[in-house]
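> Structure incoming, see below.
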Amino acid sequence: MHFGRPIKLSFAFLDLLISLSMAPAARADTGTNTQGYIGSAVCRTCHPDVWFTFYKNPHYRSLVAPNKAPENTGCEGCHGPGKSHIEAHGGKATIKAFSQLSAADSMNVCLRCHSESLSRSNVRGSTHTMNGVACNNCHSIHKPATPKYLLAKTEAQLCYSCHANVRGDFELPYKHRVNEGFMNCSDCHNPHGANQPTWRMAARPRMVDQALPAEEPCLKCHSDKRGPFAFEHPPVRVEGCEMCHSPHGSTNSRLLRRPLVFTMCLECHNGAPPFGREGDGIQPLSRTHNMTSPQYQNCTNCHVSIHGSNLDPLFRR
Ligand code: HEC
Ligand code: HEC
Ligand code: HEC
Ligand code: HEC
Ligand code: HEC
Ligand code: HEC
Ligand code: HEC
Ligand code: HEC
Ligand code: HEC
Ligand code: HEC
């Protein structure tokens with residue numbers, strides 16, 4: 001380790017900031033001591049590694065912000081009052097040690113401050129929480145790989161560390177370019193749990209995020225599919241984009257679920273009796289369509305505006 005001038009300077013700088021900001025240590029006579037809060041400066045003595053990187057952390061700001069309650073300041077904001085820990089010269093039982101906390105208890109620490117955001121309003125009921133994945137499985141407060149959002153690894157690698165099977169989806173010939181760094185899992189998913197979507201009403205939500213209220217995240221980028229159209233193609237709104245597209249990747253061009261477009265169309269436009277939700281009352285193929293003729297097999301050659309049209313109820317323009 002090299003303790004050159006810059007570090008010494010920042011040492012002095014930190015001390016100055018702390019004393020100027022009247023951090024709890026300096027307010028020893030204000031009565032806060034009865035709760036056992038002693039301030040963060042003393043932690044430096046025994047945990048220099050943690051301390052020396054802390055100034056980069058957004059949680060550091062609480063040390064320099066005036067008038068923060070001691071329970072919301074610095075190290076003790078998360079680890080709780082430090083008095084008995086100091087008196088015992090350390091130990092894991094004398095302080096809130098995350099290595100000893102259950103997933104639920106460690107989440108409660110974070111949510112004391114982080115529960116007001118809308119993007120995390122459903123975190124307690126999310127599939128992640130239900131499966132014991134807590135904040136610090138994804139966020140690393142002291143050794144983050146990304147300064148922004150304090151992620152434990154860069155985002156896609158973080159997700160793949162538990163969802164290895166998904167990596168292959170993004171290596172298929174047609175794919176969204178997540179592995180290339182053009183977009184992230186969180187462009188479509190809310191890892192903190194999304195609210196129930198209104199598309200695909202009976203399907204599992206898969207923590208797929210909503211863009212504008214009740215809108216599929218896809219429309220943020222593919223805004224030409226947003227509509228509203230004078231003539232809507234119902235599955236685009238009701239079943240959602242996933243009815244016809246594999247959102248991660250596909251062996252078929254245009255991320256289509258099936259190699260032959262017409263087989264997808266005929267899942268619904270087959271004239272079968274109205275069994276179930278997706279077969280109900282759907283216009284069968286026109287009698288003019290001769291399915292043995294190759295001309296008719298590529299439905300979107302003629303029905304070009306398959307996502308909806310303002311000009312033609314049959315989506316031919
Ligand atoms: C925002 C909440 C938060 C704040 C503030 C915080 N910690 Fe931590 N600390 C954690 C979590 C969570 C862990 C568990 C390891 C992890 O997930 O990174 C941890 C782990 C530790 C550890 C165990 C060793 C390690 O590196 O994992 C020590 C020691 C520690 N913190 C000391 C401190 C000190 C000293 C400060 C103030 C400079 C501080 N912490 C501020 C949340 C916090
Ligand atoms: C006198 C030295 C000393 C001081 C001062 C000190 N600690 Fe510790 N701390 C220790 C020792 C020793 C351990 C036990 C490490 C172990 O068992 O691996 C420890 C453990 C911890 C842990 C548990 C790490 C884990 O494994 O999860 C946390 C959190 C922690 N300290 C935070 C703090 C905070 C916050 C402060 C300031 C309020 C502080 N410490 C001040 C010596 C100290
Ligand atoms: C004492 C209150 C408090 C506690 C407890 C707390 N945080 Fe924070 N956290 C904050 C504040 C304040 C910010 C800065 C917000 C800002 O700058 O907009 C922040 C920022 C963050 C950020 C955002 C970083 C960024 O780049 O936008 C993450 C991630 C985070 N906290 C995670 C956690 C986790 C995980 C825990 C539990 C281990 C935790 N926090 C506990 C107050 C807290
Ligand atoms: C499954 C992984 C995962 C879990 C679990 C997780 N996060 Fe996050 N978090 C992320 C990712 C990825 C981002 C950055 C992308 C984004 O904003 O969605 C993020 C962003 C954040 C941010 C900054 C952006 C914002 O939305 O305000 C905060 C604060 C935050 N998380 C806090 C928490 C807290 C608190 C918990 C636990 C209750 C938690 N996170 C649990 C993955 C996770
Ligand atoms: C272009 C938007 C998009 C991106 C980017 C995306 N997802 Fe998805 N993902 C979805 C949609 C939509 C579903 C729901 C599919 C369904 O129900 O048919 C889904 C489903 C899932 C599922 C559950 C079903 C399954 O395939 O196992 C997991 C897990 C998942 N995604 C993880 C990830 C991870 C990890 C990343 C980043 C590496 C990621 N997703 C990136 C849109 C996306
Ligand atoms: C610590 C492990 C872990 C990490 C990291 C993690 N997940 Fe998960 N995730 C799980 C578990 C466990 C489940 C529930 C079981 C399952 O469906 O595989 C789950 C489920 C999901 C689901 C399916 C939800 C459903 O309703 O079926 C999606 C989507 C998902 N995760 C996305 C992500 C994304 C995006 C990231 C990265 C930001 C991520 N996960 C990071 C463990 C993790
Ligand atoms: C963050 C922006 C973004 C989001 C969100 C997004 N996409 Fe995309 N999508 C793109 C870009 C950019 C391309 C161009 C292909 C590339 O990246 O190589 C693309 C390509 C496609 C293609 C193939 C187009 C072609 O010409 O081959 C389809 C189909 C598609 N996306 C559907 C979806 C669906 C369905 C969703 C939601 C589950 C979605 N996208 C979410 C940005 C996005
Ligand atoms: C009923 C099936 C179906 C649904 C639902 C559907 N698509 Fe498509 N989509 C297609 C077909 C078929 C093509 C290929 C058209 C072609 O090759 O001419 C396509 C092509 C695309 C393309 C590439 C060509 C273009 O028009 O830009 C994008 C991007 C796309 N779809 C996005 C979406 C989004 C976003 C949604 C949800 C809002 C969605 N699709 C819903 C069937 C569908
Ligand atoms: C999930 C079921 C579903 C799928 C898959 C589907 N459609 Fe549709 N389609 C519908 C429904 C429902 C209507 C509205 C029927 C009505 O109003 O009578 C419709 C309407 C149409 C219409 C207008 C018919 C009319 O009389 O207004 C055309 C043309 C059409 N679809 C073509 C296609 C093509 C081409 C594909 C394949 C790319 C396709 N559809 C895939 C459900 C589906
Ligand atoms: C060569 C151009 C062409 C192709 C290819 C084509 N269609 Fe059509 N489709 C039409 C025309 C023109 C009409 C309206 C006049 C008619 O009934 O012939 C129509 C009408 C329809 C209707 C409405 C029927 C009604 O009675 O209102 C549906 C549904 C439909 N097509 C679905 C499909 C599907 C699914 C495919 C692919 C298997 C397909 N079309 C391929 C030209 C085409």
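The values are calculated or read from the model by the stated rules, or taken from the named source; none is laboratory data. It should be emphasised that the depicted structure is a prediction, and the values quoted were computed from it without experimental measurement. With ideal geometry, Cβ positions are generated from the backbone for all residues, glycine too; neighbour counts draw on all protein chains shown.
> Can you list the helices (runs of 4 or more DSSP H) found entirely within region 34-112 that contain at least 2 residues being hydrophobic (A, V, I, L, M, F, W, C)?
43-46, 48-54, 61-64
> Let me spell it out: the conditions are (1) surrounded by 13 or more Cβ atoms within 10 Å (Cβ to Cβ); (2) outside the structural domain of R206 (by TED's automatic domain parsing); (3) of a type in the set (D, E, K, R), and R124 meets all of them except one. Which number is the exception?
With (1) surrounded by 13 or more Cβ atoms within 10 Å (Cβ to Cβ); (2) outside the structural domain of R206 (by TED's automatic domain parsing); (3) of a type in the set (D, E, K, R) applied to R124, the lone miss is (2).
> In addition: Answer with yes or no whether S102 is more than 19 Å from the chain's Cα centre (by Cα), surrounded by fewer than 16 Cβ atoms within 10 Å (Cβ to Cβ) and polar (S, T, N, Q). Please lay out each step first, then the result.
Numbers: more than 19 Å from the chain's Cα centre (by Cα): yes; surrounded by fewer than 16 Cβ atoms within 10 Å (Cβ to Cβ): yes; polar (S, T, N, Q): yes.
So S102 fits the description; yes.
> Within region 45-73, can you find the residues that are under 16 Å from I141 (Cα atoms) and near ligand 2 (Cβ under 8 Å from one of its atoms)?
Here is the first cut: in region 45-73, the ones under 16 Å from I141 (Cα atoms) are 47-63, 72-73.
Of everything in region 45-73, those that are under 16 Å from I141 (Cα atoms) and near ligand 2 (Cβ under 8 Å from one of its atoms) turn out to be H47, V50.
> Now for a different question. Give me the helices (runs of 4 or more DSSP H) completely within region 132-211, filtered to those with at least 2 residues that are within 16 Å of ligand 2 (Cβ to nearest atom), ordered by residue number. Steps first, please.
Values: elements: 135-138, 155-160, 164-169.
Where helices (runs of 4 or more DSSP H) fall fully within region 132-211 and carry at least 2 residues being within 16 Å of ligand 2 (Cβ to nearest atom), they are 135-138.
> Also, I was wondering about something else. Any chance you could count how many residues in region 185-225 are within 16 Å of ligand 4 (Cβ to nearest atom) and of a type in the set (D, E)?
Residues meeting the conditions: 2.
> Restricting to region 282-315, name every residue that is in a helix (DSSP H, G or I) and in contact with a His (Cβ under 9 Å, 6 or more places away or on another chain).
Start the filter on region 282-315 by keeping residues that are in a helix (DSSP H, G or I), which leaves 294-297, 299-302.
Scanning region 282-315 gives Y296, C299.
> Cβ contacts < 7 Å: first residue in the same structural domain as K56 (by TED's automatic domain parsing), restricted to region 150-175; second residue modelled with pLDDT of 95 or more and aromatic (F, W, Y), any location; separation 6+ or different chain. Result?
Final answer for the pair search is none.
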